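A short worksheet on the structure shown next.
Just so it is clear, none of the values below were taken in a lab; they were calculated from the coordinates. Treat the numbers as computed from the prediction; the structure is a model and nothing was measured. Here the Cβ is made from the backbone with ideal geometry for all residues, glycine too, and neighbour counts use every protein chain on show.
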Amino acid sequence: MTLAQLPYPSLQIQKNSSTPSRQQSTKKQLLQPMLEKAGDAIAVLDPSGNLLEVNAAACHLFGRSRRTLVNKSLSTFIKPALDITFDVNQASLNGQLTVVCPKGIERHVEYTLTHNVYPQVHLVIFRDLTQRQAQAEEALRWQRQRVELFSEVTLKIRQSLQLKEILRATVTEVQRILRTDRVLIYQVLADGTGKPISESVLPAYPAILGMEFPEEVFPKDYQTLYAQGRVRAIADVHSPNAGLADCLVEFVKQFDIQSKLIVPILQNLNPPQPLSQDSPQNQLWGLLIAHQCSGPRTWADFELELMQQLADQISIAIAQAQLLETLEERVAARTAQLQQMNDSLQQEINDRMQAEAALRQSEEQLRLITNALPVLIAYVDHQQKYRFNNKAYEDWLNQRPTDIQGSHIQQVWGEACYLRMQPSVEAALNGAVVTYENEVMVHDGSTRSVNVTYIPHLDEQQTVQGFFALTSDISDRKAIERMKDEFIAVVSHELRTPLTSMHSALKILATGRLGTLSVDGQQMLEIADDNTERLVRLVNNVLDLQRIESGEVTMDKQAHNAADLMIQAMEAMQPMAGQQGVTISAYPKDILIWADADYIVQTLTNLLSNAIKFSLTDGVVTLTIEVRPTPEDKTKEEVLFQVCDQGQGIPADRLENIFQRFYQVDSSDSRKKGGTGLGLAICRKIIEQHEGTIWAQSTLGAGSIFSFTLPTLKR
Amino acid sequence: MEVKRVLIIDDEESIQTVVRFGISMAAGWDVLTASSGPQGIDTAQSELIDVILLDVMMPEMDGIATFHALKTYPKTEEIPVIFLTAKAQTSEKNHFNDLGVSGVITKPFNSLDLPSQISKILHWELQS
């Protein structure tokens, strides 16, 4: 319905109709209030342009009363003047003009002129453009403010990594810009419960920040809907159209909520991964909620959009914050790890320092000890160069250990001496422990006898790195040994020569051819003769033993038939056996042995002599030989010699002692038998030199068995 | 068996005496004596000698030097020489044998046994 189609109700002048109908009057009554209440300013003109009628809006627009306006020319109140000339081709005319109000106020208006709504009556409708422009400007300003807000909030979100700060800024700004009563961010927790974690609310309304809401308030299926992107704008919670359950209406009432706008804050569970086939899955993190408490509110689309965009930005901020949190956690974990590493490194450094200190101390102690020893102590590397020398080197060679270190052995000891050392040095570097004796020249030109031991130093791979050399001065011992040897050599010659004279002289006297002695004289001569012979044996035995023990004697080993040696020994002892009335039963066998024949015969005669001496008259002494497996290793063989007698026997506790020098079972017996006390000691030495063993077994009253073994000769 | 002529060279006079008594009593051989190497060489050159008993250990000229000297003279080089020694080592005996001596008799010995020992070494037929 347009005004142009309506008859003008208050029109008084009707030139084309003489009698107004009753119907028209009713219409006027109906139209009058509507005209009055219309938002647009309406004026009715006569063809001259005078105002016939104006409505309230027009009075308001012109800023004048109806009385002031009616019957005045419209041109009085407007500029430029309005041409109201009727144009047949145009039913209505549009345009803009300025209304001049009192006090010089001007209003820019849009008008629509409709000619002849009634005959000779024109209708003008005005719309205030000034107000509309202001409204448009306001709208623009709002829009700009919203854009600014959005970019400001976005910027804050982008710049800040503090989620709490972002959320606080968001609710504050949204509340300000939407001019709403409460804005909050509600976080949905994993168990379905939730709570507002950020809120901006006008002081007039209750704060709900931090309150915990049970799952029932926001059930799972709702959560699912929101997770799918649902947005809720409820203009009036009480309206049946809102679709809120009664209980929920009751619930929100306590917070004075009349109207609300809810957008989800979503979280992308699967951040885009190039290799992942999974589509991103959104999870509801929380809600951005605006409440109007003062009354119902219809939410504009842009408000919804703003809320949604901000919710998206919050999502980004959450993702960033979570990333940051993860990063911080990683950094913290890594820091802790580094700290721990640092601590253990420090501990290791401390341990090492302690170990080094202990090592230095131990080295110092070792140096003190080695320097205090009169022995030369050195370490020689695989290039035969000295790496360590104790102070004794300085005393001997008048060279400081630091000067010796790094020098070759030959450089230190000279070529001649080195030639004697070389085989042992090489053996040590081949991994053998070597002990040898040498003569070295010291700095004053004197010679010292030394005993040298080389101990190879092996690393973990059992490779020889060098050797430790211990050199001790045995000059004194060597001098004593030489003196002893010289003494014995002198004794050997100097005793034997007079003994020869005495022995021969006594034998010659005993022939009686130089005159006959009395019986007593004869007895004295025999005593002298016997003891001279005993002295000869003693001297021989002492010499033998000394020579064997000193190593001066080397056994001249050759292959011999054992039978020959047995016969030789038996024949040698036959006269003595005959004198004693003792029979020697020998059972020789042709067995090859590797031995020094003289010494084996000496051993056999010695054992036979003892056996004869301790046999009773008519006794039998048996000499046997056999090859038997060695007790240690049955696969090997040895030659066993045995001399058995039927004498009085030897007590078991003395069986080992009899091989000691000058040990006799019965000292009174020895005098009677004319022994020297060295025979068995010599036998043992001889057998040991042949790598055999000697021992005795005995049964008191039944006799003794003296046995010795020799290694068999490998054919 | 004819009477042998034995020369004993020893710096020890008592040895000379017991050797002379023992040999003559046991076998009736003639025994000539000398107290040093040079004296013994002189005697050996001037007399007819069947065997020389030579003491190894003598001052100045020892038995080995005397033995070498005896081998240089045509008159004495063929005379068998038996060493008298206090050293009874096998190795020493071998050493003496290597020198070319006929034998070694070790001190102390019984001079009455000397004729039989000499005869055994030189493979003489000894009349009992």
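Could you pull out every residue, at least 5 positions away or on a different chain, whose amide H is within less than 5 Å of the one on A:H108? Hs are placed 1.01 Å off N in the peptide plane, and Pro or chain starts have none.
The list, which skips near neighbours in sequence, is A:V99, A:L129, A:T130.
Find, to one decimal place in angstroms, the Kirkwood hydrodynamic radius of chain B, where the mean of 1/r is taken over every pair of different Cα atoms and then inverted.
Hydrodynamic radius (Kirkwood, Cα only) of chain B equals 14.4 Å.
Do the alpha carbons of any pairs in A:K37/A:K103; B:K71/B:K93; A:K589/B:K107 sit beyond 29 Å of each other, and which pairs?
In this structure, A:K589/B:K107 exceed 29 Å between Cα atoms.
What range in chain A is the longest one free of GluC sites (Glu not before Pro) that are in a loop by DSSP and have at most 10 other Cβ atoms within 10 angstrom?
Answer from the scan: A:213-459.
Would you tally the net charge around A:V54, using a Cβ to Cβ cut-off of less than 12 Å, leaving A:V54 out, and scoring K and R as +1, D and E as -1?
Spelling it out: positives minus negatives among the neighbours equals +1.
Quick one: what are the phi-derived ³J(HN,Hα) couplings along the stretch B:40-57, Karplus 6.51/-1.76/1.60 with θ = phi - 60°, whole Hz, x for glycine and proline?
Computed from phi, the couplings for the stretch B:40-57 are x, 4, 4, 4, 4, 6, 8, 10, 8, 10, 8, 8, 10, 9, 10, 6, 6, 8 Hz.
So how strong a dipole does the protein assembly as shown carry about its Cα centre when Lys and Arg Cβ are +1 and Asp and Glu Cβ are -1, to the nearest 20 debye?
Rounded to the nearest 20 debye, it is 7060 debye.
For the stretch A:45-135, which chymotrypsin sites (Phe, Trp or Tyr not before Pro) are in a loop by DSSP, counting at most 15 other Cβ atoms within 10 Å?
Answer in residue order: A:F86.
Find out how many positive minus negative residues lie around A:K385, taking Lys and Arg as positive, Asp and Glu as negative, among other residues whose Cβ is under 15 Å from that of A:K385.
Taking every other residue near A:K385 into account, the sum is -2.
Read phi for every residue in the stretch A:103-113 and hand back ³J(HN,Hα) as whole Hz from Karplus 6.51 cos²θ - 1.76 cosθ + 1.60, θ = phi - 60°, with x for Gly and Pro.
Working through the residues one at a time gives 6, x, 6, 10, 10, 8, 10, 10, 10, 9, 9 Hz.
How high is the relative contact order of chain A? Use alpha-carbon pairs under 8 Å, at least six apart in sequence, and give a whole percent.
Computed value for chain A: 5 percent relative contact order.
Percent antiparallel among DSSP beta bridges with both residues in chain A, to the nearest 5?
Bridges in chain A that DSSP calls antiparallel: roughly 95 percent.
Over the stretch A:301-426, what is the mean sequence separation of C-alpha contacts under 8 Å (at least six apart), divided by residue count, expressed as relative contact order in percent?
12
Could you size up the charge dipole of chain B around its Cα centre, putting +1 on the beta carbon of Lys and Arg and -1 on that of Asp and Glu, and report it in debye to the nearest 20?
Around 280 debye, computed over chain B.
So which aspartates and glutamates pass the test for A:K613, namely a Cα distance under 15 Å, with those fewer than 8 places away in the same chain ruled out?
Qualifying aspartates and glutamates at Cα under 15 Å: A:D645, A:D666, A:D669.
What's the local net charge at A:Q322, with K and R +1, D and E -1, over the other residues with C-beta under 11 Å away?
Summing Lys/Arg as +1 and Asp/Glu as -1 gives -3.
How big, on average over all directions, is the shadow cast by the Cα convex hull of chain A, in nm²?
78.3
5 Å is the cut-off here: which amide hydrogens, built 1.01 Å from N in the peptide plane, fall below it relative to A:V188, excluding neighbours closer than 5 in sequence?
Here the answer is A:G286, A:L287, since their amide H atoms fall under 5 Å of that of A:V188.
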